[in-house]
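Below: one structure, written as structure tokens.
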Amino acid sequence: MYILGIETSCDESATAIYDSVSGCVLGEKIYSQIETHNRFGGIVPEVASREHLKFLPALVDQTLKEAGLSSFPDAIAVTHGPGLMGALLVGVSYAKAMGVVYGCPVIPINHLEGHLLSPGIMQPLQLPCVTLLVSGGHTLLVAVDAVGQYRLLGQSLDDAAGECFDKCARLLGLPYPGGPVIAKMAEQGDPKRFDLPRPMLHKKNLHFSFSGLKTALMYKVRGTDIQQQDQQWKNDLAASLQAAIVDVLVKKSLRACVEEQVSHLWVAGGVAANLYLRERMIAQASEHDVSVCFAAGQHCTDNAAMIAYAAWQHIEHGLVKKDRLWDAQSRCPLV
């Protein structure tokens, strides 16, 4: 099967074609709205919706041409939530309209499940496993027993890890999104210079909390003219912040593997692209005889390949039921 994936849950308009026979992504396009939202210091939902509406049709056309298919794909997979309602509406409406025009089924996919399964795009699924889904909107530890069988082990009780990166970057006067900027600065910094807390690290549960870390950094810079500080001071603070977040993510993830008695750990989501997180996770996982699999760099942030791939996994494992398909005759709720 050839599956067209569409992702418009937030500020990336993305399309992709997944080939179930070769297991390859034949075509993939992503339009990021970062520059559009940068001047606002964050995502403006109304603006995001209009940008999706503007660029999605062209992205679909470009992806179909890149894939070189002789006919329209066999199915359409689209993110139906969670996300910004207006942004989701654009993607779902466009997918359903194409389903009617081309007479093919439309498969709704949960955005988080797309991330959970995204490491499998580049390599075979190894189940059961524990997945750390860490992004700007979510920080979750999930036991993946099988495709479609997920158990929530822990989650952030307040700010997500990526959200903490972004908010702390704003405190330091850095541009949005803050995570990549802080990671770049941290490469030249001393992670031990500033003593920052590791929230909930020693709690017996597998939950996270990063709002207190943000507050601790705020107190560090309160009364300080950041613009007058030298670059090394800024780099050291960035490195200390990154180390605090990564320490918690790594130790809680490996603790989850031990408690679940699994030897495979997957890491997905936007923050999974952080090189320091990858380095520390791999190093410490080897001490626990746990193998770590990261989503490919281009599939860490929001993308449509993971949506198309998740739809294929649903089909292959018999999870696509009639009441979960949208076609020309059905009238399924939006979300």
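None of the figures in this text is laboratory data; all of them are computed from the coordinates on show. Bear in mind the structure is a predicted one, so any value in this text is a computation, not a measurement. Heads up, the Cβs are rebuilt from the backbone with ideal geometry, glycines too, and the neighbour counts pull from every protein chain shown.
Table for the structure above
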{"read-out": "Normalised contact order of region 123-294, rounded percent, pairs of Cα under 8 Å and 6 or more residues apart", "value": "28 percent"}
{"read-out": "Sites ALA58 and THR215, calculated FRET efficiency, Cβ-Cβ separation with R0 51 Å, nearest 0.05", "value": "0.75"}
{"read-out": "Mean Cα-pair separation over length for the chain, i.e. relative contact order, pairs under 8 Å, 6 or more apart, %", "value": "23 percent"}
{"read-out": "Whole-Å semi-axes of the ellipsoid equivalent to the chain (Cα gyration tensor, √5λ, descending)", "value": "36, 24, 16"}
{"read-out": "Local electrostatic count at THR215 - Lys and Arg +1, Asp and Glu -1, tallied over other residues with Cβ under 12 Å", "value": "+2"}
{"read-out": "Distance (nanometres) between label positions extended 7 Å along Cα→Cβ at GLN227 and LEU275", "value": "3.1 nm"}
{"read-out": "Tilt relative to the chain, helix 211-221 - C-alpha long axis, 0 to 90 degrees, to 10", "value": "40 degrees"}
{"read-out": "Amide H partners (placed H, <5 Å) of CYS24, local residues excluded", "value": "ASP19"}
{"read-out": "Spin-label model distance (nm) - ARG39 vs GLU259, 7 Å beyond Cα toward Cβ", "value": "4.6 nm"}
{"read-out": "Simple label model, 7 Å out from Cα along Cβ direction - TYR102 to GLN123, nm", "value": "3.2 nm"}
{"read-out": "Dipole in debye (nearest 20) - region 1-55, about Cα centre, beta carbon charges: Lys, Arg +1; Asp, Glu -1", "value": "140 debye"}
{"read-out": "Rounded to the nearest 20 debye, dipole of the chain from Cβ charges on Lys, Arg, Asp, Glu", "value": "660 debye"}
{"read-out": "Theoretical ellipticity at 222 nm over the chain - DSSP helices of four or more residues, -39500 (n - 2.57) apiece, nearest 500", "value": "-13000 deg cm²/dmol"}
